[in-house]
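Have a look at the structure below before the remarks.
The values are calculated or read from the model by the stated rules, or taken from the named source; none is laboratory data. Keep in mind that what you see is a predicted model, and the values were worked out from it rather than measured. Methodologically, a virtual Cβ is constructed for each residue, glycine included, from the backbone with ideal geometry; neighbour enumeration extends over all protein chains shown. Please note that ligands, DNA and RNA were not included when accessible areas were found on the heavy atoms of the full protein model with its side chains. Shrake-Rupley method; radii C 1.70, N 1.55, O 1.52, S 1.80 Å.
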Amino acid sequence: MIYFDNASTTKPCEKSVRYLNEYLTDKFFNASSIYKQGIENKNQINNCKKIITKTLGVEFKDNVIFTGSATEANNLAINGSIKKNFKKLIFSEGEHPSVYNTALDLKNKGYNVEFIKLTKDGEVDVEDFKNKLSSDTNFISIMHVNNETGAINNLDKLIEIKNKICPNAIFHSDGVQAFGKIKFTLNSDIDFYTISAHKIHGPKGVGALYAKNKNKLNPIIFGGGQEYNLRSGTENVAGIMGFKGAIEDISYNTSASEIKKFIIDNLNKKFTVNGLNTSPYILSLSYKGINGETLVHMLESEDILISRGSACSGSKVGNRILTVMGLDKESVVGSIRLSFSRYNTIDEAKIVVEKLNEFANRLANL
Ligand code: PLP
């Protein structure tokens with residue numbers, strides 16, 4: 001099998017599985033228990049938080065909150081920090097559904113919500129961002145790397161603009177497709193940053209929210225008061241340890257860029273690349289006149305797994321992100337997404353290119 005759908009989820013690495021196993025079996029104790037086994041598990045959770053802030057290049061101040069997914073972390077950042085008197089909330093049109101649909105829900109509830117356009121290259125339109133911000137903007141959520149196209153937003157630049165127009169506005173960024181994949185130091189003016197274990201060879205069902213200042217947050221889930229009273233529920237020690245194993249194994253020196261370049265260079269020129277300045281791990285392609293979904297299934301018959309777009313929109317014919325980037329309908333219908341991991345090889349890329357060219361050509365000539 002060739003697995004080129006790593007933006008959807010990744011294979012857990014050996015270290016992640018080893019830690020998971022250890023904490024599911026011998027070290028199964030409740031991290032909130034006051035005997036030594038519980039205290040040891042709580043210490044391990046704290047160690048994982050420290051590794052997260054170290055990887056982000058920020059200070060650890062008991063400010064990482066583990067959640068049951070990045071979806072939940074995004075919901076916590078938004079619904080947990082927005083106050084009734086907030087005047088204006090800003091989101092980008094490129095956001096993942098866990099942010100986008102939360103924004104729509106807030107709009108339905110009567111908040112003044114505005115969406116920033118994407119450029120044709122898939123990034124947040126900086127001019128539109130400048131124009132839509134005003135001194136009464138209270139909250140901004142702009143993702144770091146887009147999950148459909150891999151487009152990288154320049155958070156430093158956006159923060160610089162925000163600091164001039166509305167310095168007190170809260171700034172959240174969904175970093176799920178950036179953390180552990182592209183090397184960066186988190187801008188010190190970012191209030192909240194979301195990450196997910198299963199996109200970096202950790203287990204599913206474990207996310208985290210970094211909060212520069214957790215006093216700006218209120219819980220959205222109530223219960224026993226775990227995670228500084230911000231995310232109640234017995235700590236998922238094994239999952240968190242699986243996340244720790246994945247973070248310890250992060251490597252920025254992978255073959256992803258080489259694989260991506262090889263595919264682009266060797267594809268039939270009727271394929272067009274969606275997005276510019278993109279992550280080495282994500283490649284969005286369009287081929288006018290064919291159906292991307294059919295192409296996905298033809299590759300599947302050869303044991304090659306790619307995607308039609310994000311798993312959340314994968315079953316639909318449309319693609320919200322490509323559409324707002326201005327792609328015509330034919331290019332949207334003819335789109336596919338390939339996404340890589342450190343386990344992929346150039347030999348795999350050679351096979352995939354050959355099959356993509358063969359099948360796309362066959363579909364185009366039907
Ligand atoms: N944000 C982005 C950019 C994603 O790609 C994903 C995964 O699909 C999520 C959020 C949601 O992550 P999780 O599956 O941990 O809820």
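Worth a mention:
- In summary, the lysines within cross-link reach of Lys42, defined as a Cα separation below 18 angstrom excluding same-chain residues under 8 places away, comprise Lys27, Lys50, Lys61, Lys244.
- For the set Asp5, Asp136, the ranking by accessible area, highest first and with no ligand, DNA or RNA atoms included, is Asp136, Asp5 under a 1.4 Å probe.
- Non-local lysine pairs in the stretch 260-366, meaning eight or more places apart or on different chains, with alpha-carbon distances under 21 Å, amount to 21.
- Helix 256-266 and the longest principal axis of the Cα set of the chain meet at an angle near 20°.
- Here the ratio of the Cα radius of gyration of the stretch 154-294 to 2.2 N^0.38 Å is 1.33.
- Annotation: extensible slack from Asp156 through Ser134 equals 6.1 nm (criterion: 0.36 nm per residue apart, minus Cα-Cα distance).
- Long-range HN-HN contacts of Asp5 with modeled amide H, under 5 Å: Ser339
- In the stretch 253-364, Cα pairs under 8 Å separated by at least six residues give a relative contact order of 38 percent.
- Cα-based equivalent ellipsoid of the stretch 72-160: semi-axis lengths in Å, sorted from largest, via gyration tensor: 20, 15, 11
- Relative contact order for the stretch 14-248, counting Cα pairs under 8 Å that sit 6 or more residues apart, in percent: 29
- Surface composition of the chain: carbon plus sulfur atoms contribute 50% of the solvent-accessible area (1.4 Å probe, protein chains only, all chains present).
- In the stretch 1-117, Cα pairs under 8 Å separated by at least six residues give a relative contact order of 14 percent.
- Only helices enter the 222 nm calculation for the chain: every DSSP H run of n ≥ 4 contributes -39,500 (n - 2.57), and dividing by all residues gives -11000 deg cm²/dmol, rounded to 500.
- Largest to smallest principal axis extent of the C-alpha atoms in the stretch 1-144, angstrom: 55, 45, 30
- Axis angle, to the nearest 10 degrees, between helix 346-364 and the longest C-alpha principal axis of the chain: 60 degrees.
- Close amide H pairs (under 5 Å, H built 1.01 Å from N) link Lys88 with Asn138, Phe139, residues at least 5 positions away or on another chain.
- Cα-based helix-to-principal-axis angle, 14-24 vs the chain, degrees rounded to 10: 40
- Overall Cα dimensions of the stretch 253-364, principal axis frame, Å, largest first: 35, 30, 26
- Inter-part distance, the stretch 89-157 to the stretch 224-241, computed on C-alpha centroids, equals 29 Å.
- Most to least packed among 322-335, 155-168 [average Cβ atoms within 10 Å]: 322-335, 155-168
- Alpha carbon centroid spacing (whole Å) that separates the stretch 18-55 from the stretch 291-310: 39
- Solvent-accessible area per residue for the chain (1.4 angstrom probe, square angstrom): 43
- Ratio of Rg to Rh for the chain: 0.98 [Cα atoms; Kirkwood radius as inverse mean 1/r over pairs].
- Three-way shape call for the stretch 314-366 based on the alpha-carbon gyration tensor, with the a/c threshold at 1.5: oblate
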